[in-house]
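Some notes on the structure that comes next.
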Amino acid sequence: MKSILVFIKLALLLPMLLLPVALPVDPGSSTHGVFVATSPCDDVSRQLLQIPATVKCEMIKWNLILYQDANKLTPTAYSLTFTYGLPEQGTRGLSNGGTRAVREGEWTKVRGTKANRDAVVYQLDPGRHERTLSFLKVDQNLLHLLDRHGNLAVGNAGWSYTLNRNGKSPPNVQQEGPLQRFALQLTSPSASSSPITSGPSTLGRFSGRSPCQQVAREINKPVSGDCMKVKWDLTLYQDQTLGPTTYRLKGTFYRERVREGTWRIVQGTKANPAAVVYQLDPANSEASLSFLKADDNILLFLDQEKNLMPGNGDFSYTLNKEVQTRKN
């Protein structure tokens, strides 16, 4: 009789045991942030996430939870869930749900990247070599994956390596202090490494897909209620001194008429007076478009107030250079 009762209790507990188990977090911890993204599955991400080369994989869904000490606001634990595989045609998901993996451990903040010693970097599993993941803190809402060489990882025309905060930044997130304003202090094209171009007058071709609704409001474009993404295809031209000249913009909003005009380099965003900004001025009365130059290969959308624009779990406001610039 006793064995029967034990069996009944186990049967009742079995459904609960099969439920996903949350990461055990210290009672004194709070959530620093949840960051989400969809990225390519290429050589960079396969190596960093240890995805076998034999696995068919084109897309990765990221969900990164960072915890902090509730009082000191210093880093404690993290939980990274990533799902990878082939995209499901006609959806934003993965075929057959993809393959899910979970990583848990500790994270910390360090200063310095290959390009900028004052940059703030979030590291998962610091000091564990092949297991360590590093992200540049672009601002409170955006993280960008760094490759093994410390460079910003470059995506493709479909997805980028920018992770977006899921929800508003909580009031108890620790500020980085005055150094953060210099995290993206960058140089103009003429002072950077020599670009690989498709012609002597081309600085580069940048492409990507972004969320729809916010950017449509920024450039005053009417959209339908089900508009979920916008495709972008931007070519920047330069003169023989590598100074900016004209641009050509194609994509979802510019199918019937390609947008053309001049572009220029200006300095400063709302959060960073030293930042380098590419401003696209149209030939007609349309609103200008502005991008923060994150590096030679990555451009980040700015709104009309010169704020960076966080995306969502499917798309980021990031454009990736089609042919990457050589790193010296």
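For the range 125-171, name all the residues that are part of a strand (DSSP E or B) and among the polar types (S, T, N, Q).
If we filter the range 125-171 for residues that are part of a strand (DSSP E or B), which is where we start, we get 133-139, 142-146, 152, 162-165.
Residues satisfying the conditions are 134, 162, 164.
Restricted to the range 114-167, and to residues that are without any contact (Cβ under 8 Å) to a residue 40 or more places away in the chain, crowded, with 17+ Cβ neighbours inside 10 Å and more than 15 Å from the chain's Cα centre (by Cα), which residue is nearest to residue 307 (Cα to Cα)?
123
If the requirement is being of a type in the set (S, T, N, Q), under 21 Å from the mean Cα position of the chain (by Cα) and at pLDDT below 95, which of these qualifies: 272, 284?
Working: 284 fails: under 21 Å from the mean Cα position of the chain (by Cα).
Every option except 272 fails the conditions.
Quick one: in the range 31-54, which of the residues that are β-branched (Val, Ile, Thr) and assigned to a strand (DSSP E or B) is farthest from residue 89 (Cα to Cα)? Step through it out loud before you land on a result.
First pass over the range 31-54, keeping only residues β-branched (Val, Ile, Thr): 31, 34, 36, 38, 44, 51, 54.
Narrowing the set further to residues that are assigned to a strand (DSSP E or B) leaves 31, 34, 36, 38.
Numbers: 31: 34, 34: 27, 36: 21, 38: 15 Å.
That would be 31.
When you go through (1) more than 24 Å from residue 38 (Cα to Cα); (2) at pLDDT 95 or above; (3) part of a loop (DSSP other than H, G, I, E, B) one by one for residue 186, which number turns out not to apply?
(2)
Name, by its number, the condition in (1) closer than 23 Å to residue 313 by Cα; (2) assigned to a strand (DSSP E or B) that does not hold for residue 57.
(2)
Please go through the range 89-109 and pick out each residue that is aliphatic (A, V, I, L, M) and touching a residue at least 24 places away in the same chain (Cβ under 8 Å).
Within the range 89-109, 94, 101 meet the criteria.
Which one is nearest to residue 165 (Cα to Cα), of the residues in the range 60-106 that are in a strand (DSSP E or B) and β-branched (Val, Ile, Thr)?
Filtering the range 60-106 for residues that are in a strand (DSSP E or B) and β-branched (Val, Ile, Thr), the one nearest to residue 165 (Cα to Cα) comes out as 65.
Look through 101, 53 and report the one residue that is of a type in the set (Gly, Ala, Ser), in contact with a helix residue (DSSP H, G or I) (Cβ under 7 Å, 6 or more places away or on another chain) and farther than 22 Å from residue 142 by Cβ. Spell out the reasoning first.
Working: 101 fails: in contact with a helix residue (DSSP H, G or I) (Cβ under 7 Å, 6 or more places away or on another chain).
On inspection, the qualifying residue turns out to be 53.
Residues of the range 274-328 being aliphatic (A, V, I, L, M), closer than 16 Å to residue 215 by Cβ and in contact with a strand residue (DSSP E or B) (Cβ under 9 Å, 6 or more places away or on another chain), which ones?
280, 289, 292, 299, 300, 302, 308, 309, 319
The values are calculated or read from the model by the stated rules, or taken from the named source; none is laboratory data. Only a predicted model underlies this, so the values are computations on that prediction, with no experimental measurement involved. Note that we place each Cβ from the backbone using ideal geometry, even for glycine, and neighbour counts take in every protein chain shown.
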